[in-house]
Amino acid sequence: MAAIGAAVLVTACTGGEGSKPPATVATTTTQVTPPRVDDGVLTIGALIPSSDTRVDNALRASFEATIDIINRAGGVLGNDVEYVIIDEGQTAASASQAIEDLIEVGVDAIMGPASSNTALGSLDVAVSNGILSCSPTATAIALDDFPDDGLFFRSIATDSLQAAAIAREAQATGASSVAIIHVDDAYGRPYAEAVANALGDDIAVETIAVPVDDDDFTDELDLLVELDPQVVVSVGNGQTIAASLQAMGERDDLSVPRIFVNDAARSAATRPVIAELPATIRNRVEVIAPQITLRDGAVPEDDTAFGPQVTDCVSLIALSASQGGSDAPDVIASQMSSVSDGGNVCRDFATCALRLLDNQEIDYDGPTGITDLGRNGDPSRAFFDLFRFAADGSDLFLRSVAVQA
């Protein structure tokens with residue numbers, strides 16, 4: 001994949017018996033053309049951030065593997081599914097341009113955007129052109145109510161669901177008081193509110209807002225000591241979580257027994273901070289994170305990051321086109337929730353496609369076994385992994401839990 005403008009879009013379609021035809025090259029311009037309506041060939045574009053090698057490799061591998069599986073099973077509407085992969089860049093502007101380029105080459109649906117920030121700033125381009133999008137990675141609560149005209153879907157466990165998972169773990173401790181520390185920005189505020197709402201009325205909840213880029217937690221921790229909660233929840237970006245934990249570790253008057261944090265605490269930037277924490281603090285911390293690789297009870301096992309979510313996005317798009325009998329984006333979008341709930345359960349594209357050919361209603365449950373899109377296009381159920389931290393800051397996996405909205 002090369003950069004937009006001076007580079008190219010690599011387009012390919014898969015064939016039977018593992019064959020892969022030579023890639024063809026489509027040049028790009030900035031002019032947006034009307035979206036493809038219905039030509040009988042489903043074409044899916046993928047927005048992948050090439051600047052992050054780990055994410056790029058994982059998303060690309062799972063995306064291409066799923067397309068290949070679909071085409072080995074007979075494709076969609078009697079034809080192989082075609083695909084286009086393009087770099088979404090690191091900004092909303094670059095992602096918007098990438099979406100315009102995908103629309104120009106005639107995609108019917110898009111896997112992505114990958115980043116929540118780029119999604120928030122670029123999705124209107126896809127929506128205004130009537131193109132369906134499904135993100136396997138964008139989790140932000142701000143996307144819950146995005147004005148998408150029913151064209152945006154997510155297969156990743158959202159931060160709303162993660163907030164419910166954090167609240168459930170806090171409730172399970174039997175605590176009657178919880179303090180929520182959050183970064184005071186558009187990400188942290190709704191996250192803290194979601195956790196507080198999920199905790200319910202039977203638990204006393206106090207929130208402590210940390211100003212953006214604040215590196216002195218004295219006032220916030222003085223308040224935390226005064227509140228003396230039985231559980232602390234720290235949510236936000238990795239930097240804020242790491243800083244709050246570090247500040248807690250420097251206090252000898254903090255006696256809170258349990259600390260729950262969101263998945264940002266596992267970012268590479270937080271590892272050195274976590275490793276330096278006193279064991280008295282580190283051993284109290286538990287991370288709740290969306291399950292992005294398959295674990296116990298989920299088959300077949302796959303250690304590719306975001307593999308299940310990519311498989312779900314692409315398979316749901318293909319099955320929706322098959323059930324709707326059209327590759328028109330609006331038709332596909334109208335079927336996405338339907339194929340994930342309410343019919344005969346099937347776990348993979350080939351099985352589900354055969355049932356559609358037999359005029360059966362299907363309930364695609366995907367690799368995790370619980371894939372279910374709600375009316376808003378987001379998962380209504382998801383698995384979460386719970387971790388603690390080892391002395392070197394690495395993960396200590398505890399268990400997985402299923403959470404339903």
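Odds and ends about this structure:
- Filter result (polar (S, T, N, Q), more than 14 Å from PHE387 (Cα to Cα) and surrounded by 13 or more Cβ atoms within 10 Å (Cβ to Cβ)) within segment 267-284: THR270
- Residue in segment 152-173 that is of a type in the set (Ser, Thr, Tyr), under 23 Å from ALA318 (Cα atoms), without any contact (Cβ under 8 Å) to a residue 40 or more places away in the chain and crowded, with 24+ Cβ neighbours inside 10 Å present: no
- Inside segment 383-405, residues that are among the charged types (D, E, K, R) and either surrounded by 16 or more Cβ atoms within 10 Å (Cβ to Cβ) or in contact with a Cys (Cβ under 8 Å, 6 or more places away or on another chain) (or both) make up a count of 1.
- The test for being under 22 Å from the mean Cα position of the chain (by Cα), assigned to a loop (DSSP other than H, G, I, E, B) and touching a residue at least 40 places away in the same chain (Cβ under 8 Å) holds for ALA186.
- Scanning segment 179-205 for residues that are among the aliphatic types (A, V, I, L, M) and surrounded by fewer than 17 Cβ atoms within 10 Å (Cβ to Cβ) yields ALA186, ALA204.
- Each residue in segment 47-72 was checked for being closer than 17 Å to GLU88 by Cα, touching a residue at least 60 places away in the same chain (Cβ under 8 Å) and either touching an Asp or Glu at 6+ places or on another chain (Cβ under 6 Å) or aliphatic (A, V, I, L, M) (or both), and 7 pass.
- Residue ID - farthest from ALA46 (Cα to Cα), chosen from residues in segment 310-334 that are touching a strand residue (DSSP E or B) at 6+ places or on another chain (Cβ under 9 Å) and among the polar types (S, T, N, Q): GLN323
- Test: residue in segment 112-121 that is of a type outside the set (Val, Ile, Thr), surrounded by fewer than 18 Cβ atoms within 10 Å (Cβ to Cβ) and closer than 21 Å to SER334 by Cβ: no
- Of everything listed in (1) part of a loop (DSSP other than H, G, I, E, B); (2) touching a Pro at 6+ places or on another chain (Cβ under 7 Å); (3) at pLDDT 90 or above, the single unmet condition for PRO229 is (2).
- Restricting attention to segment 349-405, the residues that are under 17 Å from PRO290 (Cβ atoms), assigned to a loop (DSSP other than H, G, I, E, B) and among the hydroxyl-bearing types (Ser, Thr, Tyr) total 3.
- Residue ID - surrounded by the fewest Cβ atoms within 10 Å (Cβ to Cβ), chosen from residues in segment 40-82 that are in contact with a Ser or Thr (Cβ under 7 Å, 6 or more places away or on another chain) and in a strand (DSSP E or B): GLU82
- Here the condition is being of a type outside the set (Lys, Arg) and in contact with a strand residue (DSSP E or B) (Cβ under 6 Å, 6 or more places away or on another chain); of ILE103, ILE85, it holds for ILE85 alone.
- Here ILE259 fulfils each of the conditions (1) assigned to a helix (DSSP H, G or I); (2) touching a Lys or Arg at 6+ places or on another chain (Cβ under 6 Å) apart from (1).
- Among all residues of segment 341-348, there is at least one that is modelled with pLDDT of 95 or more, assigned to a strand (DSSP E or B) and surrounded by 16 or more Cβ atoms within 10 Å (Cβ to Cβ).
- The residue list ASP253, ASP222, ASP215 contains one member that is surrounded by fewer than 21 Cβ atoms within 10 Å (Cβ to Cβ), within 16 Å of ASP184 (Cα to Cα) and not assigned by TED's automatic domain parsing to the domain that holds ARG54, which is ASP215.
- Out of ALA194, ALA119, ALA179, ALA126, sole residue that is over 26 Å from LEU102 (Cβ atoms), part of a helix (DSSP H, G or I) and in contact with a helix residue (DSSP H, G or I) (Cβ under 9 Å, 6 or more places away or on another chain): ALA194
- Of all residues in segment 349-369, those being surrounded by 17 or more Cβ atoms within 10 Å (Cβ to Cβ) and within 14 Å of THR311 (Cα to Cα) number 7.
The values are calculated or read from the model by the stated rules, or taken from the named source; none is laboratory data. Only a predicted model underlies this, so the values are computations on that prediction, with no experimental measurement involved. Here Cβ is always computed from backbone atoms with ideal geometry, including for glycine, and neighbour counts include all displayed protein chains.
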